[in-house]
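Taken together, the values in this text are just the output of simple stated rules run on the coordinates, not laboratory data. Quick caveat, the model's predicted, so the values are computed rather than measured. Please note: Cβ atoms are built from the backbone with ideal geometry, for glycine as well, and neighbour counts cover all protein chains shown.
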Amino acid sequence: MQGIITITLPFFALIACGWLAGRRQILSEPGIAGLNAFVFYFALPCLIFSSLASRHVADIANPSFMLAYGAAGLFMFAATATVGHLLFKTTLGESALLGQAGSVGNVGYLALPLIIALLGEAATLPVVLGWLVDLVVLVPLSIALLEIDRHDTGASADFVRTVVRGVALNPFVLSIAAGVLWSAGGLTLPAPVESFTSLLGRAAGPAALFALGATLSQRKMADAMAEAAYMSAAKLFVYPAVMWGTMTQIFQIEPLWATAAVLTAAAPVAGNVYIIASSFGVYVLRSSTAILISTALAVLSFSGLVAFLI
């Protein structure tokens, strides 16, 4: 356990440093936005692309894993949304956000660099493929339900185009697609390109963690904590158990990939839950609070899960 804490604690300490920089205004709001832009558009896409492009395409294609991950994610989305509706009498849109919070974690900024540090470079691929399921299936599902709840049927065509365009042009989705295509072509990365992507990729982890902390420092807390606590508990404790059962008891996924998937499921509530909530004016403070609570609790819950699994 001490060895695991030695690995995980510096990662959460980086988040704390970013939070302190934001709270003390050492890093201004435009500075935080710039740091997030660097991570979102440059560092993480380079890390993803270089990891996929250097692998054989046969290693990337793993439909059983993606089916298992997708099944666990959809089940958790539906279960969290349904139970939340019964507990809190939520609308369809609010239930959708509960479902998204329970099934979509902070992969890029936290889970990806942390799991690579724990399991090695071989764990990059399962984390990225699981993340692709989140971006292409679960997030658009949440947005679709929010749109239906808003009864904005006249704008449905524009809405579909906006969602499809947003997913297709997401830097992470583009970098995944580029890496897979490069691998499928049997091409080798030229030395300058490999050096460039490696250099930026190595910056992704520290920059993403610091940016996460700085971003969290700008979040506001809700007065009512019940829904936020429910979202946090579902994401940190229930979802990893569901993922473990799906990966090991139903689909029999190889151990390294299954462990990476369970740890990905144990990541705190994703920041895009707050972004979507703000766009629709639904559960804004509650989603913000869930992100803060789950990230703080993940210091212990994630480390404990790693000790149990590894």
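Helices in the chain that qualify as membrane-span-like (whole DSSP H runs, Cα extent of at least 30 Å along the helix axis, mean Kyte-Doolittle hydropathy of -1.0 or higher) are 2-23, 63-88, 191-216, 284-309.
Between CYS17 and PHE237, the FRET efficiency estimated from the beta carbon spacing at R0 = 41 angstrom works out to 0.95.
Label separation (VAL193 vs LYS89): 5.9 nm, computed from points 7 Å beyond Cα along the C-beta direction. Which net charge results when you count Lys and Arg as +1 and Asp and Glu as -1 among the other residues whose beta-carbon is under 10 Å from that of GLY22? The answer is +2. Dipole of the chain computed with +1 at Lys/Arg Cβ and -1 at Asp/Glu Cβ about the Cα centre; of PRO10, HIS56, SER103, farthest Cα towards the positive end is PRO10. Projecting the Cα atoms of LEU209, GLY93, GLY22 onto the charge dipole of the chain, computed from C-beta unit charges around the Cα centre, puts GLY22 farthest toward the positive end. With the Cα gyration tensor of region 88-189 giving a ≥ b ≥ c as the square roots of its eigenvalues, does the rule (a/c under 1.5 for rounded; else a/b larger than b/c for prolate; else oblate) give rounded, prolate or oblate? Since a/c reaches 1.5 but b/c is at least a/b, the shape of region 88-189 is classed as oblate.
When only C-alpha pairs under 8 Å and at least 6 residues apart count, what is the relative contact order of region 2-309, in percent?
On the way: 434 pairs, mean separation 105.4, N = 308.
It comes to 34 percent, rounded to a whole number.
On the beta carbon distance between ARG150 and LEU67, with R0 = 45 Å, the FRET formula returns roughly 0.90. The magnitude of the dipole of the chain, with charges of +1 and -1 set on the Cβ of Lys/Arg and Asp/Glu and taken from the Cα centre, is near 420 debye.
Distance between the pseudo-spin-label points of MET225 and SER279 (7 Å out from Cα toward the beta carbon): 3.1 nm. Calculate the FRET efficiency for ILE5 and GLU121 from the Cβ-Cβ distance with a Förster distance of 25 Å, rounded to the nearest 0.05. Working from the Cβ atoms, E equals 0.70.
In terms of Cα atoms, the Rg and Dmax of region 200-297 work out to 15.4, 44 Å. What residue among THR162, THR264, THR215 shows peak mean-square fluctuation when the chain is described by a Gaussian network model with Cα springs under 10 Å? Most flexible of the set in this elastic network: THR162.
Determine the gain in length on full extension of the stretch ILE26-ALA177; use 0.36 nm per residue of separation and subtract their C-alpha separation, reporting nm with one decimal.
Values: separation 151, 0.36 × 151 = 54.36 nm, distance 3.71 nm.
Length gained, ILE26 through ALA177: 50.7 nm.
Of all trypsin sites (Lys or Arg not before Pro) in region 180-273, which ones are in loop regions per DSSP and have a Cβ with at most 15 other Cβ atoms within 10 Å? Walk me through the numbers before you get to the answer.
Values: sites: ARG202, ARG219, LYS220, LYS235; in loops: ARG219, LYS220.
For trypsin sites (Lys or Arg not before Pro) across region 180-273 that sit outside H, G, I, E and B with at most 15 neighbouring Cβ atoms in 10 Å, the list reads LYS220.
Counting only the backbone N, which residues of region 246-271 are under 13 Å from the spot 7 Å out from the Cα of PHE75 toward its beta-carbon? Residues 246-253 qualify, since their backbone N sits under 13 Å from the label point.
Converting the Cα gyration tensor eigenvalues of the chain into ellipsoid dimensions via √(5λ) gives semi-axes, longest first, of 28, 23, 21 Å. A simple spin-label model places the labels of HIS56 and ALA184 1.8 nm from each other, with each point 7 Å out along Cα-to-Cβ.
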